[in-house]
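Here's the structure we're looking at; comments come further down.
Rule-based calculations on the coordinates, nothing more; no lab input. Computed from a predicted structure; not experimentally measured. Here the Cβ is made from the backbone with ideal geometry for all residues, glycine too, and neighbour counts use every protein chain on show.
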């Protein structure tokens, strides 16, 4: 089995419930634009987002996941990277983490499961990864509010139809949108929204668009440029 190779690191995802995909890589590129002191990768899967953050920052990253095989693979991926001294992985839930620490992370990033209403898989590990079982989108705002530092930022990627409802839940938790990036599979079809939240309200937040593909077989030059620090050869 061959690893996935990026410009400055490589990793495996065969033991993880959350495989390497466009959502995680795009969120990693988005969140890695700004430095931090201590970051949390919430629901890390194989550790792809944490590794991307480590490549572009000087801060420490804690990656957590409730799935033990995923965390074991993340630890292995971290150990092989050049930033292993700044990366750690724990088999722990966000709820449990909140009982240990609070208000310490100046960056929290999450590519959560969001197949809330889809048919559940018979495989328990895959079901936990794909559905909001261990940490629902209803619980998430309060958890993030408790973990985030006073000036911290939370980044999340969600389907467009879920994002609006989630934004209102964050508002009532005292966290306000500060920036968003709408992702299109092709020009006419918005599929995902990356949103950044903080404790500081700003009615004039930044909103941008990113088209991922120009056709089935080719990415747009815009997306290639957006992820250029990480991909070896993206077409």
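Here are a few things to note about the model shown:
- Ordering of 141-153, 168-180 by burial proxy (mean other Cβ atoms within 10 Å per residue, highest first): 141-153, 168-180
- Compactness of the stretch 53-101 as Cα Rg over 2.2 N^0.38 Å, two decimals: 1.17
- Taking only the Cα atoms of the chain, the ratio Rg/Rh comes out at 0.93, with Rh defined as the Kirkwood radius.
- The chain, relative contact order [Cα under 8 Å, separation at least 6], %: 17
- A convex hull fitted to the Cα coordinates of the stretch 1-124 yields 118 cubic angstrom per residue.
- Gap separating the Cα centres of the stretch 33-77 and the stretch 189-235, nearest whole Å: 20
- For the chain, the share of DSSP beta bridges that are antiparallel, to the nearest 5, is 45%.
- Per residue, the chain reaches -8500 deg cm²/dmol at 222 nm when only DSSP H runs of four or more residues are counted, each adding -39500 (n - 2.57).
- The stretch 22-88, Cα convex hull volume normalised per residue, Å³: 72
- Dividing the Cα radius of gyration of the stretch 182-235 by its Kirkwood radius returns 1.07 for Rg/Rh.
- Largest mean-square fluctuation among 164, 20, 194, in a Gaussian network model of the chain whose springs join Cα atoms under 10 Å apart, belongs to 164.
- One quarter of the surface of the convex hull around the alpha-carbon atoms of the stretch 135-232 equals 7.7 nm², the direction-averaged projected area.
- Within the stretch 133-235, antiparallel bridges make up roughly 75 percent of the DSSP beta bridges whose residues both belong there.
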